[in-house]
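Heads up: the structure comes next, in structure tokens.
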Number of protein chains: 2
Amino acid sequence: MGLTKSEIFSKKQNDIAQIAKVLGHPARIAILEHIAKVETCICGDLVNEIGLAQPTISQHLKELKKIGILKGNIEGTSICYCLDEVKWEEIKDTLQQFLNIFSNQNNSCC
Amino acid sequence: MGLTKSEIFSKKQNDIAQIAKVLGHPARIAILEHIAKVETCICGDLVNEIGLAQPTISQHLKELKKIGILKGNIEGTSICYCLDEVKWEEIKDTLQQFLNIFSNQNNSCC
DNA sequence: ACCTTTTATCGTAATATTGCAATATATAAA
DNA sequence: TTTATATATTGCAATATTACGATAAAAGGT
């Protein structure tokens, strides 16, 4: 089918999964790492940095924008992408909270 | 194409992405949450808990086993799934490290 | 041996994702 | 206004994912 049955899960579960899904591609990890590294915002030299075609990078940027991690400002003829810090904190919180679900109990195996 | 060009990315980038990809489905989040909640390990009542068919749950469990989050012990006629605590710590570390990539700089936008 | 229960695997249909060439769009420069 | 540059969108091919019915496999009970 290829179609996830989102209706049967909670909003929280869907949110966590959607964030993870967007992070679930090495190109998108590479984009975020590059933006983190260059400090100043970057636009299309991601195409040079990463070895993917321009439409492909553009598509990955769209995915990242979809959940709000990145925002893009028009800067002359190019577009400057950078982190949306507020949204990033939210996403970080959501994931960090999830990463602690096993912290309280003794998950000893049977 | 549907085929990720893993060769052009670092092992770390591929690792992070693979973990995120596995977590990128609400059913797998639900499975982990349920195992966290019931403390003791659980097997096939995930099918009842979550509203998906048995083969579907089995497939999702396989994905989770693939990156080692879960391990399954044969317990009579059923199989008891539970967290692989060592592996979970590794996965948690990998993700937590990634979540801090933006912590050092001032990612002010252009 | 036969049945029951539980889980895995196979096969398949529907949909999603990845990647790119071609093209469109938008802005700056000449 | 034409040209160049940068990014987005469209269309498409190849592959992956999701879901499930049917069936196999494994172990326990009768």
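The values are calculated or read from the model by the stated rules, or taken from the named source; none is laboratory data. Just so it is clear, the structure is predicted and the values come from calculations on it, not from any experiment. Ideal geometry is used to build each Cβ from the backbone, glycine not excepted, and the neighbour counts take in all protein chains shown. For the accessible areas, the whole protein counts, side chains as well, though only heavy atoms, and no ligand, DNA or RNA atoms are used. Shrake-Rupley method; radii C 1.70, N 1.55, O 1.52, S 1.80 Å.
For the range B:1-42, residues that are out of contact with any Leu (no Cβ under 7 Å at 6 or more places or on another chain), open to solvent by less than 20 Å² (accessible area, probe 1.4 Å) and either under 19 Å from A:Ser103 (Cβ atoms) or more than 7 Å from chain A (Cβ to nearest Cβ) (or both) total 5. Residues of the range B:19-63 that are assigned to a loop (DSSP other than H, G, I, E, B) and over 22 Å from A:Glu7 (Cβ atoms): B:Val38, B:Glu39, B:Thr40, B:Cys41, B:Cys43, B:Gly44. With respect to the conditions (1) within 11 Å of DNA strand D (Cβ to nearest atom); (2) touching a helix residue (DSSP H, G or I) at 6+ places or on another chain (Cβ under 9 Å); (3) more than 10 Å from chain A (Cβ to nearest Cβ), B:Thr77 falls short on a single one, namely (2). Looking across the range A:44-53 at every residue that is at the interface with chain B (Cβ under 9 Å from one of its Cβ atoms) and surrounded by 15 or more Cβ atoms within 10 Å (Cβ to Cβ), the one that is farthest from DNA strand C (Cβ to nearest atom) is identified as A:Ile50.
Is it the case that some residue within the range A:21-37 is within 18 Å of B:Asn104 (Cβ to Cβ) and touching a Cys at 6+ places or on another chain (Cβ under 9 Å)? Yes: one or more hits. In this structure, is B:Ser58 more than 30 Å from A:Cys82 (Cβ to Cβ), within 13 Å of DNA strand D (Cβ to nearest atom), exposed (fewer than 14 other Cβ atoms within 10 Å of the Cβ) and among the hydroxyl-bearing types (Ser, Thr, Tyr)? Criteria not met by B:Ser58.
Here is a yes/no grid of residues against (1) more than 10 Å from chain A (Cβ to nearest Cβ); (2) within 15 Å of DNA strand C (Cβ to nearest atom); (3) touching a residue at least 12 places away in the same chain (Cβ under 8 Å):
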| site | (1), (2), (3) |
| --- | --- |
| B:Thr56 | no, yes, yes |
| B:His60 | yes, yes, yes |
| B:Ile67 | yes, no, yes |
| B:Phe102 | no, no, no |
